[in-house]
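Engineer: This structure is in structure tokens; I'll ask about it shortly.
The values are calculated or read from the model by the stated rules, or taken from the named source; none is laboratory data. Treat the numbers as computed from the prediction; the structure is a model and nothing was measured. In this analysis, Cβ positions are derived from the backbone assuming ideal geometry, glycine residues included, and neighbour counts consider all displayed protein chains.
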Amino acid sequence: MAAAERDREREGRGRERDGLGRFRLDQPRPPRRKLLPDYDREAFGRLSERIARFLGTGRFIVWMTVVIIMWVVWNVSAPDHLRFDSYPFIFLTLMLSLQASYAAPLILLAQNRQDDRDRVTHEQDRKRNERSIADTEYLTREIAALRLGLGEVATRDWIRSELQDLVRELEEQRPVFPAESGGPRDVGDR
């Protein structure tokens, strides 16, 4: 029975109890302890990108070459009591492998972050292209509708030809009515 009470007490640690001895459910639980330290993923990612960017430059290769040459020259030409890595250069090999073991994951992390940014960029480009295609299709349909509508609109040439036809018809009907000879006119005609 004591173990059950301890478990209940452990669960409710940091939470208030109501008047009846129950834990309040409207209060959040305190955060659990973490085994690993908390760190800012963005800051670590930016740092890894900066390191990966430096590792991919000629400056890094020049510096690495200078350091290795100085290391070898020192350990070959220095007095015995000042040498820290004798001829097989085991410590140099250890340092280079340590540098490589850290460089590879940092470069991969930087590549993963770049892939994530590229994925977001490609998604935005795809959505922008879809909107452009939809807008183009809409404008194409509107232009087609305007062309169909223009087919029904009276143009200047059509109106001119219709007026010419009417003038021709009037001219054809004119001889049917004889011209009045200046004779007497009815008083009511005006």
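Engineer: Return a yes/no flag: does region 82-104 have any residue that is in contact with a Lys or Arg (Cβ under 8 Å, 6 or more places away or on another chain), closer than 30 Å to Phe44 by Cα and surrounded by 13 or more Cβ atoms within 10 Å (Cβ to Cβ).
Structural biologist: Checking region 82-104: not a single residue is in contact with a Lys or Arg (Cβ under 8 Å, 6 or more places away or on another chain), closer than 30 Å to Phe44 by Cα and surrounded by 13 or more Cβ atoms within 10 Å (Cβ to Cβ).
Engineer: Quick one: in region 31-80, which of the residues that are assigned to a loop (DSSP other than H, G, I, E, B) and surrounded by 10 or more Cβ atoms within 10 Å (Cβ to Cβ) is farthest from the chain's Cα centre (by Cα)?
Structural biologist: Applying the filter and picking the extreme gives Ala78.
Engineer: On to the next question. Is it true that Ile107 is assigned to a helix (DSSP H, G or I), under 27 Å from Arg46 (Cβ atoms), β-branched (Val, Ile, Thr) and in contact (Cβ under 8 Å) with a residue 12 or more places away in the chain?
Structural biologist: Answer is yes for this residue.
Engineer: With Thr93, Thr121, Thr155, Thr136 as the choices, which residue is at pLDDT below 85 and β-branched (Val, Ile, Thr)?
Structural biologist: Going through Thr93, Thr121, Thr155, Thr136 in turn, the sole match is Thr155.
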